[in-house]
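Please treat every number below as a calculation from the coordinates, not as lab data. Bear in mind the structure is a predicted one, so any value in this text is a computation, not a measurement. Don't worry about glycine lacking a Cβ; one is built from the backbone with ideal geometry, like all the others, and counts go over all protein chains shown.
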Amino acid sequence: MRLLGEIARRARLAAGLRQEDLARRTGVSVSTIKRMESGKGAGVSLASWIAVFSVLGILDILRSLADPYAIDPFDDYGSRKRVRKT
């Protein structure tokens, strides 16, 4: 997780984004982004990692780590929407 966090931090800085900017664009909390970047992202959901890497334009890095024989979690990303009961 430390390496992924460092990659995310470098990509964010290269994009000229603050953690707050990235949080707003991804819907991931600032505290979660801080945990990710500090290498303490072991408890962070895969959806959060995908959201951050996607916005930063480096999603292929996560794809390269995926098991080629497993179900691809990236296929459904963005197609599911939460529906609130009213």
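Note on region 2-65: dipole from Cβ charges, positive end direction compared against 14, 41, 4; the farthest Cα belongs to 41. The simple Förster model, with R0 at 25 Å and r as the Cβ-Cβ distance, assigns residue 40 and residue 60 a FRET efficiency of 0.55.
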